[in-house]
Structure formats: C-alpha cells, structure tokens
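Values in this text are rule-based calculations from the coordinates and carry no lab data. Keep in mind that what you see is a predicted model, and the values were worked out from it rather than measured. Every residue, glycine among them, receives a Cβ derived from its backbone with ideal geometry; neighbour counts consider all protein chains shown.
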C-alpha cells in the first residue's frame with residue numbers, strides 16, 4: 001500500500017542536508033508551509049539556498065531561518081517589503097547573497113525544472129538590468145532572454161487536502177507557487193490541512209498528482225493570518 | 001455581459017482564412033472536436049497547416065479534409081496508423097507535407113506558444129533523425145535540442161462543460177491536447193457537450209479558464225465511438 | 001500647484017471608463033488597483049492577479065474576508081462567478097503569452113518611446129523588488145500607465161529617456177496622469193485629453209518630453 | 001526453435017515481478033501493456049499513460065466500458081482510486097521531467113551501449129510514427145525493454161550498434177526477452193537470467209552483441 005504520510009514534521013525533514021536548495025511555496029500569507037519551515041529551523045540544515053517569492057517577514061519563519069545564519073543565498077522576485085527587516089540587515093552586512101528573478105521567470109524556471117526543460121527563451125526582462133550578461137536571441141521578431149531551469153533539492157509545500165498517494169488540492173489563492181515547486185524538487189514534502197480518503201478527491205480537480213509528492217504531514221493549523 | 005456562445009458552427013468558424021494553421025484537439029476517439037472539423041470542411045478554407053496527434057482515420061473528419069485537398073501540411077506525432085489511408089495516399093503522391101514531432105515536444109511547443117516562450121531546450125530526440133539540423137546544447141550534463149513554439153491561428157477544441165465566459169472542463173482522457181491547444185491559438189473555438197450556468201463550475205477545477213477561449217458552440221453529440 | 005488637476009479617484013475612473021466589457025485586465029499595485037472600483041459589475045471585465053486568481057471581484061466587507069483569497073498586492077479580495085484559480089506558472093503563462101488585453105501599471109518614468117521604469121530607483125539599488133512588473137510589461141497586449149505627472153519634487157515623470165533602470169522596452173501605449181491622458185506614438189507623446197483648468201502651456205511646462213497636441 | 005523459451009505472458013510476468021510497490025510506470029504499446037495484468041492490485045503501482053491519465057486500472061469488462069477513458073494505445077481502461085487526469089503538456093512534463101520511475105518499451109533493436117531503436121524501420125521510412133517513444137526513452141528514470149530476442153527471421157535484436165534509426169541514446173538499463181534477462185552495463189550486456197532449457201551457448205549464438213555472464 002502506498003502511504004506517503006509520515007507521522008511528524010521531524011520525520012518528513014530528517015534528511016535535508018547542508019547546502020541544499022530549498023523551494024518554499026506560498027504567496028503573501030496564503031499557502032505558506034509555515035510549520036515545515038519551523039521544522040526546517042529545528043532540523044538544523046545550513047548553507048541553504050532558498051527560493052521563494054519574498055525574502056521573509058518579521059522575525060519568524062523564513063526570516064528566522066535567515067537570522068540564524070542558515071541561508072547563504074536567496075532567489076526571489078520581491079526581496080524588499082515592509083516586513084523584510086532581517087533580510088535587509090543581512091544583505092547590508094554582506095551576509096546573504098541575492099538573486100532577483102522576475103516573478104514569472106521564477107515560476108517558469110521551476111516549471112522547466114519539473115518538466116525536464118533545460119532552458120527557455122522569454123521576453124521578460126529583455127533590455128533590463130536583470131538580463132545583463134544573459135544570452136539573448138530574436139525569435140519571430142521578439143527579443144528574448146535565455147533562462148535556465150531552477151531545480152530544488154527539497155520543496156516545502158502547503159496543501160488543503162492530501163490522500164495517501166500524495167494527490168493534492170490547494171485552497172483558492174493558496175495554489176500559487178506550491179503547485180509549481182512541488183514538481184521541481186528531488187524531494188517534495190507537503191503539509192496538509194486535511195486528509196482525504198483515497199478515491200475521494202475528484203480526479204479532474206487534483207492540482208498536484210501524487211507523482212510529484214514524496215512525503216505528507218497532516219498539519220491542521222487553520223486559516224492564514226488576516 | 002460576456003457571452004462567448006455563438007449560435008451555429010458556421011458562425012463560429014466564419015472567418016478562418018486560407019493558409020491558416022489549425023490546431024485540432026483530441027487523442028484517439030476521445031476529445032475530438034468532430035463537429036467543428038465537419039464545420040471546417042463546410043467552411044471551405046484551404047491551404048491549411050493542421051497540427052494534430054494523428055493524420056486522420058478512415059475517410060471522415062480530418063481525413064476528409066485532407067482528401068478534399070485542403071491540407072497543405074500536417075504536423076503530428078503519429079501519422080501512420082491502421083486507418084490513415086487518406087494520408088498515406090496523399091503522402092505517397094507528394095500531395096501533402098509532413099512534419100513529425102515527438103508527442104511530448106508537440107505538446108510542449110504549443111504550451112510554449114500559449115505561455116509566451118519562444119523556444120526551449122529538451123532532451124527528447126537528441127541524437128536522432130528528428131533532431132537533424134537542429135541546434136543542440138549541453139546543459140547540466142544533458143544533451144538538449146532547441147525546439148520552437150508552435151502557435152496556431154485557430155484551435156478547435158472539444159469540451160465537456162462550458163460557461164458563457166468560456167471556462168471549460170473536459171471529461172476524463174478528453175482533456176489531452178485540447179487544454180494545451182486552447183492556449184496556443186489566436187482564435188480558440190470550442191464545441192461543448194454541456195452548457196454550465198456562470199458560477200456553477202468549481203473554480204478549483206476549471207481546466208481551461210475563459211481567457212483562452214473566444215467562441216463556444218453547444219454541440220451535445222454524446223459519447224465518442226467505442 | 002493651483003491648476004485644477006484630476007484626483008486619484010478621477011484618474012482611476014478615467015482609466016476604468018476606457019476599459020470595454022470582456023477585456024482581461026491586470027491592475028498593478030497602488031493607484032492602478034483603484035481602477036476596479038470604477039468598473040461597474042454589469043460591465044463584465046475579468047481582473048487577473050499574478051498569484052493565480054482570474055475573475056477578481058470587489059473587496060469584501062471586513063466581516064466577510066476570506067483569509068485564503070488575496071491579490072498580488074496581498075489585499076483580501078473576492079472571486080466573481082466565473083472566476084478560476086491557477087498556479088503561478090499558469091498565471092504567468094497568461095501574462096507572458098499575451099492573453100491579457102490590458103495591464104495598468106504605476107511607474108517612476110515613462111519615456112516617449114514607450115520605455116517604462118517602475119521597479120528600481122537607481123542602478124545602485126542593491127535589492128530592488130521586481131515582482132511581476134517585468135512579466136506584465138513585456139507580456140500584456142497593451143500596457144497603460146497610471147501615475148502622477150510629476151514627482152513630489154515637481155520633476156516630470158514623462159521623459160525623453162528613462163534615467164531609472166528599465167522594466168521593459170517600448171511597451172507603454174497610453175499614460176494617464178493627474179494632468180493629462182497621453183498616447184505613446186511613433187512620434188512621441190500625443191496629448192489625448194488635458195485636465196480642466198490645465199492649459200497646454202502649463203502641461204508642456206511640467207513635461208520633460210516634447211508633446212504633440214491634436 | 002526447440003529451446004524452452006519464455007512465453008509473452010511469462011515475459012510480462014517477469015517484468016511485473018521486478019516492479020516494486022509505489023513506482024510510477026509507463027507501459028509502451030504492445031507486449032509492455034501486458035505487464036499491468038501481472039501486477040496484483042494490492043501491490044500499488046501507478047500506471048501512467050501519455051494522454052494524461054495517471055493511475056490506470058485493469059481493462060473493464062465490455063459492458064462497463066467508459067468511452068471517455070482510453071490509454072495511449074487507444075484501448076479502453078479504468079481509473080483506480082487515487083487516479084488523476086491532466087492535459088498533454090502536463091503529462092509529458094511528468095515524462096520528460098524524470099518523474100516516472102520506469103518506462104517499459106518494445107524495441108526493434110537495443111545496442112550494448114543502451115541505445116534503443118523502436119520507432120522507424122529504416123532511414124527511408126518516410127512517414128514513421130514516433131508518438132511518445134522518444135519522450136519516454138529520454139525522460140523516464142529507467143527504461144526497460146521487453147521484446148523478442150530475435151526477429152521473425154532469426155536476426156538478433158540485441159546488437160553491437162543499432163542499424164535502425166535511434167529513438168534515444170544510451171537510455172536502456174535492462175532488456176527482457178523470451179530467452180533472457182540482461183542488464184546494460186558500461187561493459188555491455190550482462191546476463192541476469194536465462195530461460196530454462198536455453199544454454200549459455202545457445203543464447204550467445206542468438207545474440208549479435210557480446211554477452212557477459214555472472
């Protein structure tokens with residue numbers, strides 16, 4: 001019997017190694033794998049590259065992980081926001097590396113990693129600072145920039161429902177980066193609000209088929225903060 | 001009020017021009033936009049490039065369109081099958097051009113067209129006859145082939161349900177190329193088995209959001225042939 | 001400034017009036033977000049948000065907030081009948097693939113050739129936040145900019161050539177400011193409309209780029 | 001041939017026995033499709049089909065056929081509990097992205113370096129049908145080939161170098177034939193098992209490529 005559920009967050013994250021690239025789902029407060037991030041803080045892996053849309057908020061979660069000096073490099077689209085105090089401190093002090101990637105290119109680079117595409121030509125960022133040093137090419141009259149797949153060692157994902165095969169649904173805008181990152185890592189770990197009996201999820205409405213999922217922990221933590 | 005329903009197939013296909021590239025959804029007997037193809041036969045456009053998985057069966061539908069001399073070129077993954085008699089006749093007689101594309105590359109080239117990606121590097125077909133003359137590149141230790149986006153002028157799509165905004169669901173293996181082609185054409189025309197009241201389709205389970213759909217015709221023709 | 005200029009709600013309403021039914025539209029963070037409030041629900045315009053929401057409706061009253069439903073500005077929103085959820089790669093496929101009829105962006109500068117700068121305030125800004133701005137500017141069928149005509153210091157934001165780092169090249173079609181509505185044409189900015197009480201001379205004086213009047 | 005060789009059901013059963021629970025597996029058209037019949041339902045193996053079906057179950061009885069549910073061989077199938085439908089681009093993302101643990105393919109030829117030829121019978125085949133073969137061969141984590149050891153004319157299908165047009169380079173890990181099971185190793189074909197009543201000499205005589213025996 002396939003059963004991807006593991007009992008504890010610690011079990012789910014046990015073998016994440018120093019130097020890993022970790023993909024963190026979520027956008028804003030919605031779809032954040034917050035309990036898995038706390039678990040990663042506990043777990044101890046360091047020298048991490050983190051891929052996420054933002055660079056953390058306040059002093060918890062990703063911000064805390066950074067504050068503990070565990071993140072060597074962050075790849076994101078929107079590092080600076082009202083709450084990104086830890087990131088800004090570390091960045092000014094030269095203690096963290098930053099790669100800024102346009103949000104759609106970030107998503108597409110992970111989609112490419114998940115889909116076995118090595119690189120692709122995109123119009124986004126052509127002629128801008130973010131394309132500096134990158135290959136370009138004109139195709140069909142459009143100027144395009146070459147961008148490479150961005151695979152993760154681990155993806156931390158927040159789902160609404162999961163069954164024992166690892167099939168996932170998300171809730172409303174909680175789908176965001178989660179469903180993309182789930183495809184792009186060697187090890188995909190999921191925290192789910194609800195456990196679904198196998199066969200009860202609509203096969204037409206499974207947003208992430210279990211083929212992309214390795215481990216699931218049941219974390220019924222409730223709604224995102226408003 | 002947005003209402004993408006049109007009354008007749010003739011209305012839906014009225015402005016397809018000679019020389020168009022037409023994407024035809026469906027795989028096997030499932031998800032074939034058969035009535036739209038019949039409509040295209042009636043409509044009269046010629047000198048067409050057709051993109052489809054197969055090169056037609058028997059002497060109806062796509063095969064009939066080819067037999068009438070309306071298809072200049074076909075792009076497909078599996079031209080020769082038990083029923084592809086018309087294609088074989090035309091091909092041997094030098095009356096139709098053929099571009100064979102691996103099935104996954106075919107899908108990805110249309111996905112790229114729909115997603116604004118100009119070209120991509122894929123491992124499929126590297127070192128084979130189908131990569132002859134194509135650019136290759138090694139990325140991350142893998143040998144990859146450069147493939148270009150494949151956009152259509154028109155996509156003909158078969159859906160299970162549609163609402164007036166053009167949101168679509170498909171039925172089981174009827175999703176196949178339909179959901180990909182719907183994104184890849186300038187004009188996407190849909191035949192749907194069922195009409196759904198706006199707001200009754202689950203927003204988590206809409207396989208093709210209406211943004212990709214231009215016109216919908218209600219064609220309740222029943223099950224595919226077994 | 002003693003001219004009678006357009007207020008922000010007026011600017012947003014003006015943009016809203018120019019959006020026909022049936023368009024798929026992404027509204028950038030800031031003033032552009034206000035545009036939605038000025039499109040009556042009966043005129044069906046489908047609003048898109050980068051985080052995978054298509055068919056955004058009006059902001060909910062406080063007691064009706066759904067914590068699972070936000071827009072790209074992280075504000076709580078609603079979903080209209082006919083709305084759909086997709087993931088980030090599919091959402092940006094809509095953007096990059098040219099499926100949005102319109103994107104309305106804020107900007108630091110717009111150049112007379114349609115270049116836009118709206119993401120970083122200097123070459124030396126070490127950690128600017130680009131978000132989805134470059135994807136939207138490069139991907140939408142039409143880009144309109146909605147912004148104040150000048151900076152707080154009175155410097156023109158309509159320029160001959162952008163001095164801030166670019167977001168995308170030559171993509172802006174139209175600019176709505178508190179002073180005027182201007183089209184970007186091959187010959188530069190063409191004035192479509194001027195705020196009441198603002199003269200051509202005053203407008204030209206507050207605009208670095210040359211203007212063409214119809 | 002008077003040797004006691006494995007029948008097709010035996011070959012399929014042999015492959016099935018080597019598939020552990022939890023693998024995601026695509027079965028090619030032809031003999032490979034038979035493999036599923038030999039995996040007991042209690043051992044959960046998730047079968048994938050190119051046309052966007054994940055979690056294929058046993059063929060239905062005639063009166064239970066669902067006209068909307070076919071596999072890549074266009075046969076009617078069922079969906080297991082836990083199955084899911086996706087579109088073609090997502091289905092091949094699974095294949096190309098290395099998410100399938102195994103793909104079992106038929107072949108015209110397998111070379112000792114793992115090259116496979118299974119889609120065209122000559123360079124001059126003007127309209128060969130490639131389908132998903134190249135994607136599967138290049139994309140799956142493991143490729144096993146299930147085929148007769150020789151052609152009808154008695155020519156070995158395990159060769160030093162493929163003479164037919166290639167499907168993919170160096171991807172085959174293991175070959176199951178009616179005569180033997182062989183691993184593809186850096187040193188060529190290594191015999192894992194031989195059909196009962198087939199001697200090493202007989203096997204070697206029917207194989208063009210050199211063989212290593214453990």
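Taking only the Cα atoms of region C:157-214, how large is their convex hull per residue, in Å³? Present the calculation step by step, with values, prior to reporting the outcome.
Numbers: hull volume 4.9 nm³, N = 58.
Taking only Cα atoms, region C:157-214 has a hull volume of 84 Å³ per residue.
Exposure proxy ranking for A:1, A:110, B:181, based on other Cβ atoms within 10 angstrom of each Cβ and starting from the fewest, stands as A:1, A:110, B:181.
Quick check on the exposure proxy: order C:18, D:193 from fewest to most C-beta atoms within 10 angstrom.
On the way: C:18 16, D:193 13.
The order, fewest Cβ neighbours first, is D:193, C:18.
With the largest listed first and rounded to whole Å, the semi-axes of the equivalent ellipsoid of region D:100-210 from the Cα gyration tensor are 22, 16, 11.
At a threshold of 8 angstrom on Cα-Cα distance, excluding pairs fewer than six apart, so keeping six or more, what relative contact order does region B:1-97 reach in percent? Please report the intermediate quantities before stating the final value.
Values: 150 pairs, mean separation 22.9, N = 97.
It comes to 24 percent, rounded to a whole number.
Counting every other Cβ atom within 10 Å of each residue's Cβ, A:147, C:148, C:63 order from fewest to most as C:63, C:148, A:147. Beta-bridge orientation, region D:8-213: approximately 55 percent antiparallel, per DSSP, counting only bridges with both partners inside.
Residue B:18 label point (Cα plus 7 Å toward Cβ) to equivalent points in the other copies: 7.2 nm, shortest first.
Over region B:115-169, the fraction of Cα-Cα pairs per 5 Å bin, rounded to whole percents and listed from the shortest bin up, is 4, 15, 17, 14, 12, 10, 9, 10, 7, 1. Every helix of 4 or more DSSP H residues in chain A counts as -39500 (n - 2.57), and over all residues that averages to -6000 deg cm²/dmol at 222 nm. Pairs of Cα atoms nearer than 8 Å and 6+ residues apart set the relative contact order; for chain C it is 19 percent. For the protein assembly as shown, the Kirkwood estimate of the hydrodynamic radius, built from every pair of different alpha carbons, is 28.6 Å. The relative contact order of region D:103-185 comes to 42 percent, based on Cα pairs under 8 Å that sit 6 or more residues apart.
Report for region B:103-226 the percent antiparallel among DSSP-assigned beta bridges with both residues inside it, nearest 5.
45 percent
Counting from the shortest, the label point at residue A:197, 7 Å from Cα toward Cβ, is 3.0 nm from the same position in each remaining copy.
Nearest 5 percent is fine: what portion of the DSSP beta bridges confined to the protein assembly as shown is antiparallel? Write down the numbers at each step before the final one.
Values: 67 of 161 bridges.
About 40 percent, rounded to the nearest 5.
Could you give me D for chain B, from Stokes-Einstein at 20 °C and 1.002 mPa s, where the hydrodynamic radius is the Kirkwood radius over C-alpha pairs? Units µm² s⁻¹, please. Could you put the intermediate results ahead of the total?
Details: Rh = 17.9 Å.
Answer, rounded: 119 µm²/s.
The base-10 log of I(q)/I(0) for region C:8-213, evaluated at q = 0.10, 0.12 Å⁻¹, reads -0.42, -0.60 [Debye formula, identical scatterers on Cα atoms, solvent excluded].
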